[in-house]
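One structure is given here, and the rest of the page talks about it.
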């Protein structure tokens with residue numbers, strides 16, 4: 001039973017560039033949430049997708065956008081990268097909304 | 001919105017001793033409280049959770065207690081082992097909202 005998988009595992013980008021991170025949810029899960037985890041901090045909620053729609057959004061600018069596909073996989077896009085966007089980006093899946101989250105191992109994004 | 005505080009930020013215990021991590025939350029509507037363990041280079045892993053209609057839950061060496069009146073919940077680890085060393089996060093969820101995580105506790109179990 002495959003858990004949550006994320007790609008790539010590491011990524012280095014330059015300020016101003018754009019990045020796309022990918023996530024495949026745990027088998028049987030239909031909801032995907034994205035979190036940003038800065039070094040030494042807890043995960044901060046970016047947004048949640050269910051039935052291919054953004055259902056909830058945290059306090060992140062419009063530079064952060066996402067998508068969910070019919071197979072429940074999801075993408076996180078960040079435009080006009082800033083140095084402060086450097087963080088571990090975690091994808092979590094769940095069965096429906098308001099259910100326990102299962103996390104992937106994250107994508108480590110470094111912006112130089 | 002919900003705010004979750006977590007203490008202590010770091011905790012060192014001798015192998016075999018107990019460890020306790022405490023969290024407080026602000027939103028009385030929160031009704032689900034999971035705990036996650038994050039090892040180096042990995043994502044958070046759910047280790048135990050509790051819902052608001054339960055006061056205590058145990059799973060082998062791990063237990064969680066909830067005091068809804070005081071709005072706090074705690075993680076208890078007994079007979080600690082070196083492999084328990086990790087960062088632990090608490091979280092709170094109110095129906096229709098998103099999970100809010102605490103800032104984490106770095107637990108070190110000294111052999």
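The figures follow:
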| quantity | calculated |
| --- | --- |
| Sequence of A:20, A:14 once ranked by neighbouring C-beta atoms within 10 Å, starting from the fewest | A:14, A:20 |
| Percent antiparallel among DSSP beta bridges (both partners in the protein assembly as shown, rounded to 5) | 90 percent |
| Å³ per residue enclosed by the Cα convex hull of the protein assembly as shown | 122 Å³ |
| Chain A: relative contact order as a whole-number percent, Cα under 8 Å and 6+ apart | 37 percent |
| Residue-averaged beta-carbon neighbours from other chains (10 angstrom radius) around A:91-103 | 4 |
| Coordinate range along principal axes, alpha carbons of region B:1-40, Å, largest first | 37, 18, 16 |
| Calculated P(r) tail over 21 Å for region A:24-112, as whole % of Cα pairs | 25 percent |
| Sorted by Cβ density within 10 Å, fewest first, the residues A:83, B:46, B:93 | A:83, B:46, B:93 |
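None of the figures in this text is laboratory data; all of them are computed from the coordinates on show. Quick caveat: nothing in here was measured; it's all calculated off a predicted structure. For neighbour counting, all protein chains shown are included, and Cβ atoms are generated from backbone atoms with ideal geometry for every residue, glycine included.
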